[in-house]
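As C-alpha cells, the structure follows; a few thoughts come after it.
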Amino acid sequence: MKKLLLTAALLVSTTFLFSQTKFGVKAGVNFANQEFKSEGASFTPSSLTSFHLHGLIDHPLSPTLSLQPALGISGKGFRLDAGGVDADMSFLYLDIPVNVVAKFPVPALGKFFVGAGPYFAYGISAKAKGDIENDEDIFSDEGYKRGDLGLNFLGGVELSQGLLLNVNYGLGLANISNASEEDGDISVKNKVFSISLGFLF
C-alpha cells in the first residue's frame, strides 16, 4: 500500500509540475564582440550592436528551479574602429541556449531569478561592411567556422503578470576561427552581453 501511495504521489507531483510548464518569447538588444588571441597576445575590438529573438520553455524541476531551453536567432560580431580602419563584421546565428534557472519570490513583485547553462549556435549568415568589405564567403576553410558553443549567465525579474526583464552574458568557449597553422596560432571567441524583454504564457 505504501508503494502504491508513493507512486500515486509521484505521478500527481509530476503532473502538477508539467501543468506549470510555461511557454514564452523574448527579444532584445545584443552588444556583441569577439576576442582575438595569437601567440600570447590578445585583442578585443569595439562592440557591435545587434539583436536577438527567442522562443522558450519554462519547465519547473522543483519549487525553486526551472529548466529553460530556447530556440531563436542572435546577432554577433564586432566593430573595428582603429588604425584608420572603420568596419563592421556581423554574424547571424541560430541559437539554442539551455539554462537552469533558480527563482526567488519577491513580495508584491514576482520573482528574482539567476541562471546558467550551455548554448549551442550555428552561423546562418555573415557580412562584412566598411573597410573590410569583400565578396568572399566568411564561413569558409580559411575564414570562420559555423559552429559555436559556450556558456550563458543570466539574471533578472519575472513579474507576477508574466513579464520578463533580464540580462544575459554569453561567453564563447569554442575557437570559431578556421585559420591555418601557417597564419599563426589564432583563436577567436564570441562574447555577447544582452538585455531582453519577454513574456511567459
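The values are calculated or read from the model by the stated rules, or taken from the named source; none is laboratory data. Note that the structure is a prediction, hence the values are computed from the model and not measured. When we count neighbours, we look across all protein chains shown, and the Cβ atoms used for this are built from the backbone with ideal geometry, even at glycine.
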Within the bounds of region 78-86, is there any residue that is surrounded by fewer than 16 Cβ atoms within 10 Å (Cβ to Cβ), at pLDDT 95 or above and under 20 Å from the mean Cα position of the chain (by Cα)?
no
Inside region 146-201, can you point out the residues that are part of a loop (DSSP other than H, G, I, E, B), touching a residue at least 40 places away in the same chain (Cβ under 8 Å) and hydroxyl-bearing (Ser, Thr, Tyr)?
Ser160
If I filter region 31-43 for residues that are modelled with pLDDT of 95 or more and under 19 Å from Phe199 (Cβ atoms), do I get at least one hit?
no
Of residues in region 22-73 being among the polar types (S, T, N, Q) and surrounded by 15 or more Cβ atoms within 10 Å (Cβ to Cβ), the one nearest to Gly117 (Cα to Cα)
Gln68
Hey, among Leu171, Leu197, Leu154, Leu164, which residue is closer than 21 Å to Pro97 by Cα and either hydroxyl-bearing (Ser, Thr, Tyr) or touching a Pro at 6+ places or on another chain (Cβ under 9 Å) (or both)?
Leu154
The conditions are (1) more than 28 Å from Phe112 (Cβ to Cβ); (2) surrounded by fewer than 17 Cβ atoms within 10 Å (Cβ to Cβ), and Met89 fails exactly one of them. Which is it?
(2)
Checked against (1) crowded, with 18+ Cβ neighbours inside 10 Å; (2) within 30 Å of His59 (Cβ to Cβ); (3) of a type in the set (Val, Ile, Thr), Val188 satisfies every condition except (2)
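For region 130-159, which residues satisfy the criterion of being of a type in the set (Asp, Glu) and under 21 Å from Phe193 (Cα atoms)?
Asp148, Glu158 - these are the residues of region 130-159 that are of a type in the set (Asp, Glu) and under 21 Å from Phe193 (Cα atoms).
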